[in-house]
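What follows is a short report on a single structure.
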Amino acid sequence: MAENTDTAQFSFVEMEHEILEFWEDTGTFQQSLDNTKEKKPYIFYDGPPFATGLPHHGHLVASTIKDIVPRYWTMNGRYVLRRFGWDCHGLPIEHEIDKQLGMSAQQAVEKLGVAGYNNECRSIVQRYVSEWRHTITRLGRWVDFDNDYKTMDLSYMESVWWVFKQLWDKGLIYQGVKVMPISTELGTPLSNFEASSNYVDVQDPAVTVLLKLQEQDAYLAVWTTTPWTLPSNLAVCVGDDIEYALVHDAETAKDIYIAVERLAAYGEFEVKARVMGKGLVGLSYQPLFPYFTDQQAQGAFVVVSDGYVTTQSGTGLVHQAPAFGEDDNRVLKEHNIEAFACPVTLQGIFTEEVPDFVGQHVKDADKEIIKYLKNAGVLYRQDVIQHSYPYCYRSDTPLIYRAIPSWYVNVTAVQQRLVAANEQVHWVPEHIKQGRFGNWIEGAVDWAISRNRVWGTPLPIWINDVTGAAVCVGSIEELASYTGITLDDLHREHVDVLEFQLDGEEGVYRRVEEVLDCWFESGSMPYAQLHYPFENEDVFFPAEFIAEGLDQTRGWFYTLTVLAAAIYDKPAFKNVIVNGMVMAQDGKKMSKRLRNYTAPDELMEKYGADALRLYLINSGLVRGEEQRFTDAGVRDMARRALLPWYNAFSFLKTYAGIDGWSPDKGLHFGDNVLDQWIMSRLQTLKSNV
């Protein structure tokens, strides 16, 4: 039941339903578009939500802003196209399907094939469309659901290929093997901004192990919080200018090297000698495990040095596993050490290369590895550390870092263009421009855009199986020129089978298996929503206005900026409003599982959409601040703002009826002091607005 807000039993909720019905019956929104069709466009981009869940209060903040600004410019005589969009590809959809099927994507593809798996993904895209439409419409937002865009549409995917081809032609796409964050639950790498979006405070084992030197009867004390990487240890790194002590440990009767600044953390020792880190470089040691002893021929099991080593924690001697650490990988390459060991799958499972732990997930294997080290007599200390660790933003499972071949956008090559583009954008709140967003692009790294997945836009790259030459395809027509086949669907099941040869060149061109990161697709939205450049060549870029939540400074705002700056040397948008994050009343993330918030539709049917909109738009959320959402805030907005407004209007209507006055008769202000006061208040209001 709608809550009655005064003694006359007036219901804002019933009034809103009458207005919604009126808008529907008369096509009011469409009329507003038709009436401004020939006017100057005001370009607005609507960021596509993932089609895997229902709208929550965070969506409604942005939706309210996205309604207010386009209405304002429409009233100013501008044509504001407002198409709703859907993010249909990528990890969110695949994760839902994997849960639904009760198996991993790899298992599902083995059972169903690529086509069968993609059909499963396709089938759930429309699952929540009607609920989204109902909630957003109930909010009073004018947006075109009938003429929406979907990232899985043929026209959209073709434009994404075109965007990729522009980067390719500019030399901004390359393939490389880098250590990247991996979601073992999803079996795929994540981009740096995805990996930084979900940190969790966790407890992990921290172990100090002893490595026996070959040249002297002494040991190196090495500390790590990832025991599972120790079977892949190939070097130890020190700091050239860090002072190390050779101490005698009476308890173990061993001489051990530890950084002088870290001695107090390990106890009291007899110091036998002191040496700077550069004096340890070149020493060799016995491997902890027997699995990769053959890597000694490639330069493994030696002491190297690098400036990234500190004495803030551990022993000042850092274990190096180049397959599982970005610095580790870099340091060994810089010391011309070719040794490499990667006995872990993308699912985080140890391979047969480490027979003692084969088949175990790396995180589960920590206990067994520590037990192995203890039995071998090389475990010096075992602790537990509490720290902030990255988790998969979709599966809420811990990420690991692993070397993997991937395709990258060379963002570092255009980083200054990103900075220049950002200078042309008006940010609300203003501090985000040089703060959260500015700092992010100042430290921008190359963007890993390929995913070892199934449901997505395929990378349009074909590689010659003999020469290794590569061809990048930018359109359906171009692909047809190579294959003689014109496709009406660009998903993997249709393009993977297409091969071609080039005249005078040996070998067959076959497509690489990866698909594009779904963030690449959403960053391509300004072009792809209008099938540019194949259609609508003159009406898309840049946007006058966009709006999303604070989390998109490392998501959509970033990918829009990267692609626009790289291709056009422009910003993708001129003005942006960034709303803060909406939390539940208890300060936690809103969760359907925890039931710690009232569903938006339920709130609107109790207090009205206007009350909800006013509560959201009048909060610190619009200043980019975090806000705890309370139902009482919506209720109070109805009682303290809407009801007084209605009562004032009701008063006017009542006495205007008695006096026979109507607005068309004009205003009648005389010398009465109340009339003068009303005029004064009106002018003050106008000035303030």
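The values are calculated or read from the model by the stated rules, or taken from the named source; none is laboratory data. Computed from a prediction, not measured in an experiment: that's the story for all the values here. Every residue, glycine among them, receives a Cβ derived from its backbone with ideal geometry; neighbour counts consider all protein chains shown. Just the protein is used for accessible areas: all its heavy atoms, side chains included, with ligands, DNA and RNA removed. Shrake-Rupley method; radii C 1.70, N 1.55, O 1.52, S 1.80 Å.
When the criteria are applied in full, Met637 fails the requirement of being more than 20 Å from Gly140 (Cα to Cα) and open to solvent by less than 40 Å² (accessible area, probe 1.4 Å). Taking each residue of segment 326-353 that is more than 22 Å from Val309 (Cβ to Cβ) and assigned to a loop (DSSP other than H, G, I, E, B) and looking for partners that are of a type in the set (A, V, I, L, M) and open to solvent by less than 20 Å² (accessible area, probe 1.4 Å) with beta-carbon atoms closer than 7 Å, six or more apart or interchain, yields Cys342/Ala323; Cys342/Ala403; Pro343/Val354; Leu346/Ile182; Gly348/Val362; Gly348/Ile400; Thr351/Val344. In segment 395-452, which residues are charged (D, E, K, R) and surrounded by fewer than 17 Cβ atoms within 10 Å (Cβ to Cβ)? Scanning segment 395-452 gives Asp396, Glu423, Glu430, Glu442. Of all the listed residues (Gly90, Gly116), the sole one being over 24 Å from the mean Cα position of the chain (by Cα), more than 23 Å from Asp610 (Cα to Cα) and open to solvent by less than 40 Å² (accessible area, probe 1.4 Å) is Gly116.
Every condition in (1) over 24 Å from Pro231 (Cβ atoms); (2) buried (at least 16 other Cβ atoms within 10 Å of the Cβ) holds for Glu268 except the one numbered (2). Going by the conditions given, is Lys574 over 34 Å from the mean Cα position of the chain (by Cα) and among the charged types (D, E, K, R)? Considered against the rule, which asks whether it is over 34 Å from the mean Cα position of the chain (by Cα) and among the charged types (D, E, K, R), Lys574 comes out as no. Filtered by the rule that a residue be over 16 Å from Leu213 (Cβ atoms), without any contact (Cβ under 8 Å) to a residue 40 or more places away in the chain and not in a strand (DSSP E or B), segment 261-277 gives Leu263, Ala264, Ala265, Gly267, Glu268, Phe269. Checking each residue in segment 131-157 for being touching a Leu at 6+ places or on another chain (Cβ under 8 Å), buried (at least 22 other Cβ atoms within 10 Å of the Cβ) and farther than 21 Å from Val80 by Cβ picks out Thr135, Met157. If we scan segment 43-57, do we find a residue that is over 30 Å from Lys606 (Cα atoms) and part of a loop (DSSP other than H, G, I, E, B)? Yes, segment 43-57 contains a residue that is over 30 Å from Lys606 (Cα atoms) and part of a loop (DSSP other than H, G, I, E, B).
Of the residues examined, Val354 is one that is modelled with pLDDT of 90 or more, in contact with a helix residue (DSSP H, G or I) (Cβ under 8 Å, 6 or more places away or on another chain), at negative phi and surrounded by 14 or more Cβ atoms within 10 Å (Cβ to Cβ). With respect to (1) open to solvent by 10 Å² or more (accessible area, probe 1.4 Å); (2) under 23 Å from Ile173 (Cα atoms); (3) in contact (Cβ under 8 Å) with a residue 24 or more places away in the chain, the lone exception for Glu493 is condition (2). Give me the pairs, please: first residue somewhere in segment 96-112 and open to solvent by less than 70 Å² (accessible area, probe 1.4 Å), second residue anywhere and of a type in the set (Phe, Trp, Tyr), beta-carbon distance under 9 Å, and either six or more positions apart or on two chains. As it stands, the answer is Ile97/Tyr117; Ile97/Trp455; Leu101/Tyr117; Ala105/Tyr117; Ala105/Trp455; Ala108/Tyr117; Val109/Tyr117, since those pairs meet every condition given.
Here is the figure for segment 209-223: residues that are touching a residue at least 40 places away in the same chain (Cβ under 8 Å) and open to solvent by less than 10 Å² (accessible area, probe 1.4 Å) total 7.
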